Structures are given as C-alpha cells and as structure tokens.
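Every number in this text was worked out from the coordinates using simple rules, so none of it is lab data. None of the values given here were measured: they were computed from a predicted structure. Cβ placement follows ideal geometry from the backbone for every residue including glycine, while neighbour counts extend to all protein chains displayed.
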C-alpha cells in the first residue's frame, strides 16, 4: 500500500510517470511545479505541504484559489495516487 511518506521514485515512479503526475497537479491546483520539484520533494506529504504553502503565500501569483486548500489538496493527491500509482 502506498503511503503519504513513501518516496515516489522508490515505489515505482519514473520520469514518464512524474511528467504525468506534475501535469495533473499543475492543472488541479493552477500552479507551476516542475519535475525537479518532485525529485526534491519526493513524497505526497512534502508535495502537499509545498502546494499548501504556495497557496497560502499572498505574494505567490500562481496559487490555488480554493477556499479550503487542505481538503482539496488531500482529495486530489489521493485521486492522483490511485490513478498514477494504483498498481504499485
């Protein structure tokens, strides 16, 4: 079972999957993550914190407009985890 603390790359993630994951996250949260961000952040927990921090930064012009960012992040990450890494 994949957990929020598992490293994306050690549980079967690769460069192709990372492209899809980053694209899905960017679309879902209206942000501009890059594959290198996933390489550095590695886990769902770290990605969620990073996205949440960007969404709550009033100086960040590329942030989520959601009223309940934490709930949206958790829901979307769960969906992406199941969609992209569901077979691992």
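Within segment 28-53, being in a helix (DSSP H, G or I) and touching a residue at least 24 places away in the same chain (Cβ under 8 Å) holds for 28, 29, 38, 39, 44, 45, 47, 48, 51. Among the residues of segment 16-27, is there at least one that is over 14 Å from residue 73 (Cα atoms), part of a loop (DSSP other than H, G, I, E, B) and touching a residue at least 12 places away in the same chain (Cβ under 8 Å)? No.
Of 32, 42, all but one fail to be out of contact with any helix residue (DSSP H, G or I) (no Cβ under 8 Å at 6 or more places or on another chain) and within 22 Å of residue 71 (Cα to Cα); the exception is 42.
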